[in-house]
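Asks: For reference, the structure I am asking about is given below.
The values are calculated or read from the model by the stated rules, or taken from the named source; none is laboratory data. These numbers come from a predicted model, not from an experiment. Note that we place each Cβ from the backbone using ideal geometry, even for glycine, and neighbour counts take in every protein chain shown.
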Amino acid sequence: METMKAILCKKYGPPEILQISESTKPTPTKHEVLIKIFATSVTNSDIFIRSSKLPLLFMIPMRLFIGLTGPRNPIIGEVFSGKIESIGSEIKRFKPGDKVYGFTGFSLGAYADYKCMKEVDSKRGCLAIMPDNINFEEATSAAYGGLLALQSMEKGEGQNVLIYGASGTTGTFAVQYAKHLGATVTGVCGPSNIDFVKSLGADKVIDYTEPDAVNALETYDFILDAVGTAKTSELKKACKKSLSKSGWYASIDDSALLLESDRLDKITELIEAGRIMPITDRTYPFEQIVEAHRYVETGHKRGNVAITVNTDY
Ligand SMILES: NC(=O)c1ccc[n+]([C@@H]2O[C@H](COP(=O)([O-])OP(=O)(O)OC[C@H]3O[C@@H](n4cnc5c(N)ncnc54)[C@H](OP(=O)(O)O)[C@@H]3O)[C@@H](O)[C@H]2O)c1
């Protein structure tokens, strides 16, 4: 039996609960590909899953899906990038050596050397060929922020757009996507990220910590809450009153994330065309997963936090 290295979360708890361990290397079925993982991310989803710190209304369904006292699959992790190592006999879309990125969904398992995935989309994940002009760490940012941003933004395009939480993984993607669509974009972030959000292309930036931030609001055709319902401010509450008559407000928490490889293909095209650059805040080695979780838990990462899993590309 071949083994691999993996990060295990055997029960819900603080970052220190995570342990590096040996696990069984998976073998693909005829409908699966075996991916050698080069990078993963510490996403907010991983923090929710590891800590299980959620309002009761969300915690109960999450535990039913993921596991009662700890994740059923103790190898957590939801986004990955890597290379196809081998394929099952029924695989049509991929071949060994393809560089792919994607989302593991409810099957988790990205915090490991290897992961088997079906090539068809399901709640257990989706994958696609990754952009050829970014590295593996950047690809994990694109998968998470890209899927979350596009899902909400495809419904709500407009000329004057406000992105609330413009400095996070989804927000940085959303600002660039709105600019690509030709919108005038206002980004909302904290004081340390104003110049950074401008550098992404935002035409205006509002600091949500400023006492008079509400006065800076204009009228918007589309507002995206890119940080989710748990993070709020007086400014966020006021935003909804700044919509135009036909304006549209969306939160990335409005509906479950759709795991769709077609959308990953679209993200690949946008990045390869130079329209969007996924943002990496910090990259940690696999062995520093606890430190990476502690950092993400501060709630102020700038773009994405990646974990390098393997480097023998
Ligand atoms: N629908 C689904 O199925 C689904 C799935 C996965 C995730 N999600 C949602 O997506 C969220 C994760 O998004 P993400 O990882 O892209 O975000 P993120 O990177 O964690 O966002 C970090 C940013 O949040 C900003 N921030 C913190 N508090 C804020 C506040 N009160 N107001 C405005 N900005 C604030 C920080 O900006 P400053 O440092 O500049 O303050 C930081 O740059 C999750 O929290 C979850 O709600 C939804």
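Asks: Take residues that are touching a strand residue (DSSP E or B) at 6+ places or on another chain (Cβ under 6 Å) and aliphatic (A, V, I, L, M) and tell me which of the strands (runs of 3 or more DSSP E) falling wholly in region 141-212 contain 3 or more.
Replies: 160-164
Asks: Any chance you could count how many residues in region 197-243 are of a type in the set (Ser, Thr, Tyr) and more than 23 Å from ARG302 (Cβ to Cβ)?
Replies: Final tally of qualifying residues: 3.
Asks: Within region 180-226, take every residue that is aliphatic (A, V, I, L, M) and more than 25 Å from the chain's Cα centre (by Cα) and give me the one that is nearest to ILE267 (Cα to Cα).
Replies: Filtering first and then ranking leaves LEU217.
Asks: Check whether at least one residue in region 263-280 is farther than 29 Å from CYS126 by Cβ and either among the acidic types (Asp, Glu) or part of a helix (DSSP H, G or I) (or both), and report yes or no.
Replies: Scanning region 263-280 turns up no residue that is farther than 29 Å from CYS126 by Cβ and either among the acidic types (Asp, Glu) or part of a helix (DSSP H, G or I) (or both).
Asks: Still on this structure: If THR229 satisfies every condition in (1) part of a helix (DSSP H, G or I); (2) exposed (fewer than 14 other Cβ atoms within 10 Å of the Cβ); (3) not charged (D, E, K, R) but one, which is the exception?
Replies: Every listed condition holds for THR229 apart from (1).
Asks: Right, next: Are any residues in region 88-110 in contact with an Asp or Glu (Cβ under 8 Å, 6 or more places away or on another chain) and not basic (Lys, Arg), and if so, which ones?
Replies: GLY88, ILE91, PHE94, PRO96, PHE103, THR104, GLY105, LEU108, ALA110
Asks: Here are THR209, THR172, THR219: which of them is within 13 Å of the ligand (Cβ to nearest atom), surrounded by fewer than 17 Cβ atoms within 10 Å (Cβ to Cβ) and not assigned by TED's automatic domain parsing to the domain that holds ARG302?
Replies: THR209 is the lone residue from the list that is within 13 Å of the ligand (Cβ to nearest atom), surrounded by fewer than 17 Cβ atoms within 10 Å (Cβ to Cβ) and not assigned by TED's automatic domain parsing to the domain that holds ARG302.
Asks: Being within 14 Å of the ligand (Cβ to nearest atom) and out of contact with any helix residue (DSSP H, G or I) (no Cβ under 6 Å at 6 or more places or on another chain) is the filter here; which residues of region 231-247 pass it?
Replies: Correct list: LYS231, THR232, SER233, GLU234, LYS236, LYS237, CYS239.
Asks: Can you find, within region 61-111, the residue that is surrounded by the fewest Cβ atoms within 10 Å (Cβ to Cβ) among those that are in contact with a strand residue (DSSP E or B) (Cβ under 9 Å, 6 or more places away or on another chain), among the aromatic types (Phe, Trp, Tyr) and outside any loop (DSSP other than H, G, I, E, B)?
Replies: Within region 61-111, the match that is surrounded by the fewest Cβ atoms within 10 Å (Cβ to Cβ) is PHE106.
Asks: Okay, moving on. If I go through region 297-313 residue by residue, how many of them are among the charged types (D, E, K, R) and more than 13 Å from the chain's Cα centre (by Cα)?
Replies: 2
Asks: Considering (1) away from the ligand (no atom under 14 Å from the Cβ); (2) within 28 Å of SER192 (Cα to Cα); (3) in contact with a Lys or Arg (Cβ under 7 Å, 6 or more places away or on another chain), say which one ALA250 fails and leave the rest.
Replies: Every listed condition holds for ALA250 apart from (1).
Asks: For region 282-305, indicate whether the set of residues that are among the aromatic types (Phe, Trp, Tyr), within 15 Å of the ligand (Cβ to nearest atom) and more than 25 Å from LYS118 (Cα to Cα) is non-empty.
Replies: Checked region 282-305: at least one residue is among the aromatic types (Phe, Trp, Tyr), within 15 Å of the ligand (Cβ to nearest atom) and more than 25 Å from LYS118 (Cα to Cα).
Asks: I've got another one for you. Taking region 277-291, which residues are closer than 25 Å to ASN133 by Cβ and among the aliphatic types (A, V, I, L, M)?
Replies: Residues satisfying the conditions are MET277, ILE279.
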